[in-house]
Amino acid sequence: MVKKQFILLFTSLLASPVSTAVFAQDAPTEAKAAKAMKPARWEGIVVRSSKDESTLTVRKVGSSLEKTVQYDSSTKWVSQEHGRKKVNDIDSSQVKDGDRVITTGTWDKNGVLHATLVSKRLTPL
């Protein structure tokens, strides 16, 4: 009887670190999935736009860092004055070089933001 208890204790002690290591490897995967679900955001001034490629090049305010924002037919376009709640629906032709925009979407592996929303920021009159 004591021998069976000793074997049971020994196997449980042996199995515990193995199971901990297996479950610990799952945690980073879940963290990556949660991070991937968070929408990406980029804001700045439009320095170039290409209707043929459906892209905007946006420079971060106060920096020389530029990112490419790619849009498609599913991208929602809006405009809003700073500090106001009213949001206006617009189309891509109303965003020009020099406009300030806030974009949200997902980053691809090449560092291009695929926009689900482009918000043109209006200056109050």
Report task. Would you grab the residues whose amide H sits under 5 Å from the one on LEU117? Only those 5+ places off in sequence or on another chain, please, with H modelled 1.01 Å from N. Result -> LYS76, THR104
Report task. Could you run the Karplus curve 6.51 cos²θ - 1.76 cosθ + 1.60 with θ = phi - 60° over segment 95-109 and give me ³J(HN,Hα) per residue in whole Hz, x for Gly and Pro? Result -> 9, 10, 4, x, 6, 8, 9, 10, 10, 10, x, 9, 7, 9, 5
Query - Share antiparallel - DSSP beta bridges, segment 45-117, percent rounded to 5 - result: 85 percent
**Report entry** Accessible area in square angstrom per residue, segment 72-125, 1.4 angstrom probe
**Finding:** 66 Å²
Query raised in the report: Per 5 Å bin, what is the whole-percent P(r) computed from every C-alpha pair distance within segment 39-89?
Result: 5, 16, 22, 25, 21, 10, 1
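The values are calculated or read from the model by the stated rules, or taken from the named source; none is laboratory data. Keep in mind it's a predicted model, so treat the numbers as computed, not measured. Remember, those area values only see protein heavy atoms, side chains included, never the ligands or the DNA or RNA. Shrake-Rupley method; radii C 1.70, N 1.55, O 1.52, S 1.80 Å.
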